[in-house]
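The values are calculated or read from the model by the stated rules, or taken from the named source; none is laboratory data. A quick note: this is a predicted structure, and the numbers were derived from the prediction, not measured. Positions of Cβ are backbone-derived with ideal geometry, glycine not excepted, and every protein chain shown enters the neighbour counts.
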Amino acid sequence: MKTVAIAGSTGSIGTQTLEVLAADPDRFRVIALTAGSSWEAVAQQASLVRPDTVILDDGANAERLRAAVPKGTTVAVGENALREAVAEADVTINGIVGFAGLPATLACLGSGKRLGLANKESLIAAGPVVQRARRTVGAELVPVDSEHAAIHQCLRSNDVAERVMRLQITASGGPFRGMTKAELMEVTVAGALAHPTWAMGPKITVDSSTLMNKGLEVIEAVELFGAPAGQHGYGLGFDDIDVVVHPQSIVHSMATFSDGSTIAQLSNPDMRGPIGYALAFPDRLDHPFGGMDWTEPLTLTFEPPDREAFPCLDLAFAAGRIGGTAPAWLSASNEVAVEAFLDGRIRWSEISAIVAEVLTFHDGGTGETLEDVLDGDHHARRLATEAVLQRS
């Protein structure tokens with residue numbers, strides 16, 4: 001039986017991971033749940049799965065949680081406890097939102113275990129640091145983002161890394177697809193959160209509406225699949241990746257090979273599919289999460305993104321090409337801007353403006369050490385916070 005730790009268990013990815021595990025109780029056992037401050041929600045989860053440990057980031061409610069968890073479940077607080085928990089599990093699903101997911105990523109890989117990574121920001125912001133951790137003996141990173149899980153599956157069909165020529169990352173286009181730049185000046189928080197095909201947390205849903213999520217996924221794809229051929233990569237860079245708008249969200253991504261063949265992964269939009277893929281890899285689950293009904297008519301359409309109306313996409317490409325700590329600055333400033341938008345302090349259109357403004361001050365940091373990354377993240381957040389205040 002495979003043991004599992006869920007980092008960010010009360011969020012969208014965490015709750016769906018528990019649904020996947022519940023469908024196969026004889027194959028997996030949850031040994032650790034982690035949450036921020038949502039002690040009541042994680043207590044309910046603990047009562048169902050009876051983990052060895054529950055960990056809170058915020059210790060203010062630790063005593064309440066201790067009184068609520070089942071007998072035999074230990075309650076711990078803080079980053080050190082999180083590191084210990086993920087080091088013991090066979091697989092960790094990291095569903096923590098934003099840069100806060102970095103400690104779980106590094107702890108899992110550094111312990112030589114498998115990481116199911118839904119937290120793209122930790123890989124994007126701290127690429128060189130995470131890559132070193134990936135080289136730990138036994139460490140294995142299986143992406144949980146639907147697009148990267150799709151690419152991972154497409155590339156399994158090919159034994160010669162040099163034959164992979166391009167990747168196509170699909171995007172639904174979000175709730176504002178087809179709107180002009182002028183129309184986008186008036187969009188609301190409710191509109192940004194009304195995603196047409198996916199049910200996700202608020203931050204990633206807003207990122208989808210701006211196409212920042214797709215830009216971040218391009219950087220993530222280079223980190224995951226861009227190493228030189230023969231070094232667990234395919235030698236792919238930013239010029240080898242296309243973003244394709246696909247409103248039906250059925251084709252989750254594609255890979256094109258040297259003979260012109262393109263292989264795609266298709267399924268209905270259901271995050272439990274890629275979560276299950278990461279848990280079971282190299283095997284597969286018996287439960288068809290996202291399974292297609294091929295007896296029904298189906299139309300699939302594809303179109304290029306509107307880069308003028310959605311400038312976040314090109315901002316991400318630019319930060320990725322700069323490299324070093326620029327992706328960390330991109331991710332951090334975007335987190336601050338999205339939070340301000342959700343709080344009603346700035347307009348949707350100002351998210352990209354704030355990110356662009358912050359990136360103009362990038363100091364050329366290399367991001368080779370964790371200290372570099374943390375410093376870059378802190379600096380970018382300070383600048384983004386100032387930019388928000390100027391607009392509030």
Exercise for review: Give the residues of the stretch 131-151 that are within 14 Å of the chain's Cα centre (by Cα) and either assigned to a helix (DSSP H, G or I) or without any contact (Cβ under 8 Å) to a residue 40 or more places away in the chain (or both), sorted by residue number.
Suggested key: SER146, GLU147, HIS148, ALA149, ALA150
Exercise for review: Determine whether THR295 is more than 14 Å from ALA23 (Cβ to Cβ), crowded, with 18+ Cβ neighbours inside 10 Å and β-branched (Val, Ile, Thr).
Suggested key: no
Practice item. Would you confirm whether any residue within the stretch 240-263 is under 24 Å from LYS113 (Cβ atoms) and not hydrophobic (A, V, I, L, M, F, W, C)? Key: no
Point to revise | Sole residue being touching a helix residue (DSSP H, G or I) at 6+ places or on another chain (Cβ under 8 Å) and farther than 25 Å from ALA192 by Cβ, chosen from LEU298, LEU211, LEU279, LEU266 | key: LEU279
Study note, to complete from the structure: So, first residue farther than 11 Å from PRO311 by Cα in the stretch 333-356, second residue among the aliphatic types (A, V, I, L, M) and in a loop (DSSP other than H, G, I, E, B), Cβ within less than 6 Å, six or more apart or across chains; the pairs are ALA340/ILE346; TRP348/VAL187
Point to revise | Selection count where residues are among the hydrophobic types (A, V, I, L, M, F, W, C), more than 17 Å from GLY367 (Cβ to Cβ) and surrounded by fewer than 24 Cβ atoms within 10 Å (Cβ to Cβ), scope the stretch 93-140 | key: 4
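One line per residue, one yes/no per condition, for (1) assigned to a loop (DSSP other than H, G, I, E, B); (2) at pLDDT 95 or above; (3) hydroxyl-bearing (Ser, Thr, Tyr):
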residue	(1), (2), (3)
PRO288	yes, no, no
LEU298	yes, yes, no
PHE317	no, yes, no
GLU368	yes, no, no
LEU374	no, no, no
Exercise for review: Mind telling me which of the residues ASP26, ASP57 ends up being among the acidic types (Asp, Glu), out of contact with any His (no Cβ under 8 Å at 6 or more places or on another chain) and over 21 Å from LEU370 (Cβ atoms)?
Suggested key: ASP26
Exercise for review: Could you grab me the full set of residues in the stretch 376-392 that are surrounded by fewer than 16 Cβ atoms within 10 Å (Cβ to Cβ) and either among the basic types (Lys, Arg) or part of a loop (DSSP other than H, G, I, E, B) (or both)?
Suggested key: ARG382, ARG391, SER392
Point to revise | Which listed residue is of a type in the set (A, V, I, L, M), touching a Pro at 6+ places or on another chain (Cβ under 9 Å) and surrounded by fewer than 20 Cβ atoms within 10 Å (Cβ to Cβ), from LEU266, LEU342 | key: LEU342
Check your understanding: Can you name the condition, by its number, that THR205 falls short on among (1) of a type in the set (Val, Ile, Thr); (2) touching a residue at least 40 places away in the same chain (Cβ under 8 Å); (3) surrounded by fewer than 23 Cβ atoms within 10 Å (Cβ to Cβ)?
Key -> (2)
Point to revise | Residues (under 22 Å from the mean Cα position of the chain (by Cα) and either buried (at least 22 other Cβ atoms within 10 Å of the Cβ) or of a type in the set (Asp, Glu) (or both)) located in the stretch 30-51 | key: VAL30, ALA32, LEU33, THR34, ALA35, VAL42
Practice item. Scan the stretch 1-29 for residues that are within 21 Å of the chain's Cα centre (by Cα) and either assigned to a helix (DSSP H, G or I) or of a type in the set (Gly, Ala, Ser) (or both) and report the count. Key: 15
Exercise for review: For the stretch 162-181, state whether one or more residues are outside any loop (DSSP other than H, G, I, E, B) and free of Cβ contacts under 8 Å to residues at least 60 places away in the same chain.
Suggested key: no
Point to revise | Residue selected from the stretch 53-62 under the condition in contact with a strand residue (DSSP E or B) (Cβ under 6 Å, 6 or more places away or on another chain) and touching a residue at least 24 places away in the same chain (Cβ under 8 Å), by the criterion surrounded by the fewest Cβ atoms within 10 Å (Cβ to Cβ) | key: THR53
**Study point:** From LEU330, LEU370, LEU313, residue being under 21 Å from the mean Cα position of the chain (by Cα), aliphatic (A, V, I, L, M) and farther than 18 Å from PHE99 by Cα
**Key:** LEU313
Point to revise | Test for GLY291: is it small (Gly, Ala, Ser), more than 28 Å from THR180 (Cα to Cα) and in contact with a Pro (Cβ under 7 Å, 6 or more places away or on another chain) | key: no
Exercise for review: Of the conditions (1) over 19 Å from THR210 (Cα atoms); (2) aromatic (Phe, Trp, Tyr); (3) surrounded by 17 or more Cβ atoms within 10 Å (Cβ to Cβ), PHE361 clears all except one; give me its number.
Suggested key: (3)
Exercise for review: Kindly indicate whether GLU303 is within 30 Å of ALA264 (Cβ to Cβ), touching a strand residue (DSSP E or B) at 6+ places or on another chain (Cβ under 7 Å) and of a type outside the set (S, T, N, Q).
Suggested key: yes
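Counting only residues that are among the charged types (D, E, K, R), farther than 19 Å from THR262 by Cα and surrounded by 12 or more Cβ atoms within 10 Å (Cβ to Cβ), how many does the stretch 165-194 have?
2
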